[in-house]
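Scroll down for the structure; my scribbles are underneath it.
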Amino acid sequence: MALRQILHHPDPRLRNKASPVASFDAELGKLIDDMLETMYDAPGIGLAATQVNVHQRVVVIDVSGEKSTPLHFVNPVIAETTGEEEMEEGCLSVPGVFETVCRAEEVLIHAFDRNGDPFEMNADGLLAVCIQHEIDHLDGKLFVDYLSQLKQLRIRKKLAKEQRQYD
Ligand code: NI
């Protein structure tokens with residue numbers, strides 16, 4: 001396994017729309033393992049392949065807080081949504097920014113595992129929020145896109161300033 005570099009907003013590669021995975025091979029397995037390692041190292045609770053500059057529809061999540069429940073979703077689709085819920089979100093690609101976003105309260109996900117076997121999962125609470133956030137990444141969308149223009153501008157300025165300090 002290997003750590004992969006996480007792209008930071010406003011990197012334009014975060015805006016790419018990911019393609020569906022076509023072959024469930026060893027390369028896909030390695031990508032999933034690397035993404036889990038990268039997510040745990042960060043540390044974070046979810047990571048989309050887009051964030052490590054791989055533009056395929058792959059997501060990893062572990063909301064357990066103790067690395068005990070690693071999940072992966074290949075070609076995930078939200079089949080049904082119920083209700084609405086506001087929750088504070090953050091993102092490994094938007095470091096240091098936490099803002100409240102409104103999303104569906106419950107979702108039914110259709111996806112494939114690393115072997116190409118299809119599965120369904122009902123999710124609510126933090127897991128539901130996380131999967132919606134990660135699928136957005138696959139479509140080139142960030143959680144800050146839901147905020148007001150003014151807030152988005154402030155966040156871009158803050159991140160650009162921090163970026164200059166690291167360079
Ligand atoms: Ni994110």
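Annotations
- Screening region 93-122 for residues that are in a loop (DSSP other than H, G, I, E, B) and surrounded by 20 or more Cβ atoms within 10 Å (Cβ to Cβ) and picking the one that is nearest to the ligand (Cβ to nearest atom) gives Ser93.
- Per-region count, region 39-62, residues under 12 Å from the mean Cα position of the chain (by Cα), of a type in the set (Val, Ile, Thr) and more than 12 Å from the ligand (Cβ to nearest atom): 1
- Any chance Glu88 is among the charged types (D, E, K, R), more than 18 Å from Ile32 (Cα to Cα), loosely packed, with under 15 Cβ neighbours inside 10 Å and within 16 Å of the ligand (Cβ to nearest atom): yes
- Residues that are touching a helix residue (DSSP H, G or I) at 6+ places or on another chain (Cβ under 8 Å) and open to solvent by less than 50 Å² (accessible area, probe 1.4 Å), drawn from region 75-84: Pro76
- Positions within region 55-74 being part of a strand (DSSP E or B) and either open to solvent by less than 30 Å² (accessible area, probe 1.4 Å) or closer than 12 Å to Leu36 by Cα (or both), in sequence order: Val58, Val59, Val60, Ile61, Leu71, His72, Phe73, Val74
- When residues of region 123-133 are limited to those that are surrounded by 13 or more Cβ atoms within 10 Å (Cβ to Cβ) and over 15 Å from the mean Cα position of the chain (by Cα), the one farthest from the ligand (Cβ to nearest atom): Asp124
- Being out of contact with any Lys or Arg (no Cβ under 6 Å at 6 or more places or on another chain) and either surrounded by fewer than 15 Cβ atoms within 10 Å (Cβ to Cβ) or in a loop (DSSP other than H, G, I, E, B) (or both) is not true of Glu37.
- Scope region 142-159; condition without any contact (Cβ under 8 Å) to a residue 40 or more places away in the chain and surrounded by fewer than 17 Cβ atoms within 10 Å (Cβ to Cβ); matching residues: Asp145, Ser148, Gln149, Leu150, Leu153, Arg154, Lys157
- Subset of region 1-27 [assigned to a helix (DSSP H, G or I) and closer than 20 Å to Asp136 by Cα]: Pro12, Arg13, Leu14, Arg15
- Evaluation of Ala22 against (1) open to solvent by 80 Å² or more (accessible area, probe 1.4 Å); (2) in contact (Cβ under 8 Å) with a residue 12 or more places away in the chain; (3) among the aliphatic types (A, V, I, L, M) (one fails), failing number: (2)
The values are calculated or read from the model by the stated rules, or taken from the named source; none is laboratory data. Keep in mind it's a predicted model, so treat the numbers as computed, not measured. Every residue, glycine among them, receives a Cβ derived from its backbone with ideal geometry; neighbour counts consider all protein chains shown. Note: accessible area is taken over every heavy atom of the protein model, side chains too, but ligands, DNA and RNA are not part of it. Shrake-Rupley method; radii C 1.70, N 1.55, O 1.52, S 1.80 Å.
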